[in-house]
1. Shielding of A:135-141 by partners, i.e. mean partner chain Cβ atoms within 10 Å per residue?
2. Send over a whole-number figure in Å² for the accessible area per residue of the range C:1-97, probe 1.4 Å.
3. Using only protein heavy atoms and a 1.4 Å probe, how much accessible area in total is buried between A and B, to the nearest 100 Å²?
4. What does the net charge come to around A:N79 if you take all other residues with beta carbon closer than 11 Å to its beta carbon, with K and R at +1 and D and E at -1?
5. Percent of accessible area on the range C:1-148 owned by carbon and sulfur, 1.4 Å probe?
6. Would you mind working out the accessible area per residue for chain B, using a 1.4 Å probe, and quoting it in Å²?
7. Buried accessible area between C and A (1.4 Å probe, both chains summed, ligands and nucleic acids excluded), in Å² to the nearest 100?
8. Is it possible to state the helix-based mean residue ellipticity at 222 nm for chain C, with each DSSP H run of 4+ residues giving -39500 (n - 2.57), the sum divided by total residues, to the nearest 500 deg cm²/dmol? What is it?
Amino acid sequence: MTNDPDPSRDATAIPGPSPVDAAVLAAAEAVQAQDDIDDGLYESGLPGPLGLLDKGIARLEAFALAFGVLAMAFNTTSNVVGRFVFGQSLYFSEEINQALIVLITFAGISYAARHGRHIRMSAITDALPFRERKAMMVITSGVTAVLLLALSWYALTYVMTQAGRGRVLPALRIPQWWILVWVPAGLFLTGLQYALTALKNLTDPEIWLSTATRDGYDLPHKDKAP
Amino acid sequence: MTAAILGTMIVLLLLGFPMMVPLIIGSMVGFVGLFGGLGQLETLVQQVIAGIQPASLIAVPMFIFAAEIMTRGQSAARLIDLVMAFLGHIKGGLAISTAGACTMFGAVSGSTQATVVAVGGPLRPRLLKAGYSDKFTLALIINASDIAFLIPPSIGMIIYGVVSGTSISELFLAGIGPGLLILLLFSIYSYIYAVRHNVPTEPAATWPERFRAMRRAIWPLGFPVIIIGGIYGGIFSPTEAAAACVLYAIVLEMIVFREVSPRQLYATAKSTGLITAVVFILVGAGAAFSYVISFAQIPQAILGGIGIDGMGPYGVLFTISIAFFIGCMFVDPIVVILILVPIFAPVVQATGLDPVLVGTIVTLQVAIGSATPPFGCDIFTAIAVFRRPYWEVIRGTPPFIAILLSVSVALIYFPQIALFLRDISISR
Amino acid sequence: DTWRYAFEEALDEVQGVYAQKFKEEVEANSDHEVQLFPFGTLGESDNIMEQAQSGILQFVNQSPGFTGALIPEAQVFFVPYLLPEDQDQLVSFFRNSETITSIFPELYAEQGLELLKMYPEGEVMLTTKTPVESPADLSDVKVRVMTNPLLVESYRAFGATPTPLPWGETYGGLQTGIIDGQENPAFFIESTRMYEVTDHITRLGHNNFTTALMANQEFFEGLDEADQQVIQAAADAAFDHIIDYQQGLTETALEAIMEAKPAMTVTTLTEEQRAPFRETAGDVEATFLEIGGPRAQEVLDQMKADLEAAAAS
Ligand code: NA
Ligand code: NA
């Protein structure tokens, strides 16, 4: 871990007790401060106009995440101000937060899949030789894709069932399925990203965690194909 | 059947699948087994969605957001500088401060995950810089966050109180003793660690330096004031306190310190959303999995098999401890409480155990379990927030878990650790 | 067969007692088995309802207040001073009401549910930090309510500040003073320790918490007549059981509260004291007609006719 090629993680400036700790430290601070994803640099895994559409969706997901979080903070504090200052609760506040958390989670899982941010236990695969590691990446991405695409189908039928039943949110009195449409969409897009990742690993000489991210952000010595 | 499903899940996890996959496959296999086909998978989706909707979970993204703004700006650094000006020259001072910060934060937060984020985010770089290994640092953060579950308010104790019909205020009093005991033991371990690994101490700060640090920290010291004053002053709930912190952090960093631009605020909100999604999909998938467990009435079957009725009080307490500990390794703590508490209730009553003691033990166990592999929720929060590999996050936990488990055993043999505060205030 | 039955409360609370009696009756009179799933084990109230609709659960107990998100007419049970305060009239109402025996079964059937029984859980009482005898005493008092427009409207009409708060935050909210009161039946105030964080219980007589047992309709209609009889008989037997059980329940719960906290006060408002609260019911009825779905007017009118009948019996 001593030869991290990423200049933003340059460890030389930090006086630490050992170089290993210094590299980790730099990464820790990078995670804290400079590790923003630049959506302008994002490359889709799809070719041509489909790729453009996919980039557009990626932008939308990013916006949904930021909007969802800011709106949640605004909604929750407004309720406090309403209750404490004006003696008037926003009685639909809780339902808005529920809607936002569904939006954030299901827009976010697709965005996370694009950027290889889903949590996985890589201890064993990290120890494998290059070819086996690549094969495992194809298998895990492929199986994950199939699973999520299947689940997105059941999510779609669930949302349609809920729409058919006519359940409303008690306070807002809007159809409940309106806040659930992100669920099948998010699962589908996430599944698609994993399918593209499997494809990318089959067609490209390197190992890819997602279409836009090479495997091993924490394993610099494995970054390049041998 | 159960063993086969759990085995499959662990294998999938070890093979490097995204962590939601083993949870979803485990639930799917369970659904197919229970309902003889794929016909009821809509309910699996329902459970994933229901799993992320409890109102108390809103505190998690809000505390992540506040902590990210504070770290990107100046607040976090100034607060830590203040602590270091007073404790930096002590061996293990920063590590002890971290455990102390988790305890303080616990007095305002009911959730261990929010504590991991809010305390661990800003303190981890400082601990690394001070010379602690990452392995120690991560383990300290995720395990010290357990203290937040024991120091009131505690979501776990509220749920336990409601389900078992036990006094919640007595439970709250009973959590303080074990919480402080854990803080003490973690501090001792931190001291020993710092001595053994020769972690350098900073030279003692002079009093003018300390005053300067205090002056610089005046604005950021508004955070604890807002949280503690706001909650105990009856202005907002713990969840709303998290949102109030966001607002204060925005005002401070964007207007007072002029450290964070609107563009950076947007980027911070986006990365908060990303971390939230990555953690919450696992919370949701975990909820679907626990549905399978409780629908199949697996806990009842296991307990029937081990013959709990013939055990004495110590046997029952140990069985309860082990059951909750194991349960939380796989499933969300709240769900474990909802499922297991009613199952044990008749035995607890028949054995004549103090329900407040049992509640404290249960709360401690679910807190420990939430930091324990393979699926403890604090672990995946830490992975998402700190972006370290799974193994790295859990590698340093054994000494901490050993300390926590010895506190559990001590609690069984010396219940006064938990009960003395309640007994004092009741005889008043 | 094994039939699954989920409900919204713990095993030793009213819905749990009803469920256990139902199970006992079914198992005694048939070779079927009933598995009980108390509060939270299969999800929240809405979740178990959906599971009953999709046939995973054969039986579900959900309070009409929650069912209001699905069947807006069911919110009628939130209209204050509609149900009789007298226990005998109340029982007669639940046994004979046209609304319960004919209108609601049709409404539930549209959602794929066979309504088996509606039954009362107990008089709803207000617990607060300051004593309440008139609407003026409720001025600026923040009362926690479930997220429902009718409950919000009720407490607004009573003069209070209705404050929707998740149930999980209610205890803490009363402790720290975000809210000043909440309402529930006595047994629930006792079992959830709400008395620890409030000082006064007021019996406004404005409502009785109603709940309902239903079955998945496809399942129910697929049974032979003998099994349907067994289920109906069990629901009836559990109803009788719960009425007996309730006779002493409110008193027992209040005694337990007084024993745990002798400083607690319990005030039953007189008819004169209730009058100004009763007068506000019209506002809430208007809100109900607005949001209570297409058959709201019919349900409300029939309810009132049934209540007159119950009073005359
Ligand atoms: Na706490
Ligand atoms: Na923890």
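1. 2
2. Values: 2920 Å² over 97 residues.
Accessible area per residue: 30 Å².
3. Buried surface at the A/B interface: approximately 6500 Å².
4. -1
5. 42 percent
6. Working: 13970 Å² over 428 residues.
Spelled out: the 1.4 Å probe surface of chain B, per residue, equals 33 Å².
7. Using a 1.4 Å probe, the pair buries roughly 1700 Å².
8. -14000 deg cm²/dmol
The values are calculated or read from the model by the stated rules, or taken from the named source; none is laboratory data. Computed from a predicted model, the values in this text were never measured in an experiment. Cβ: placed from backbone, ideal geometry, glycine included. Neighbour counts: every protein chain shown. Surface areas here come from the heavy atoms of the whole protein model, side chains and all, with no ligands, DNA or RNA. Shrake-Rupley method; radii C 1.70, N 1.55, O 1.52, S 1.80 Å.
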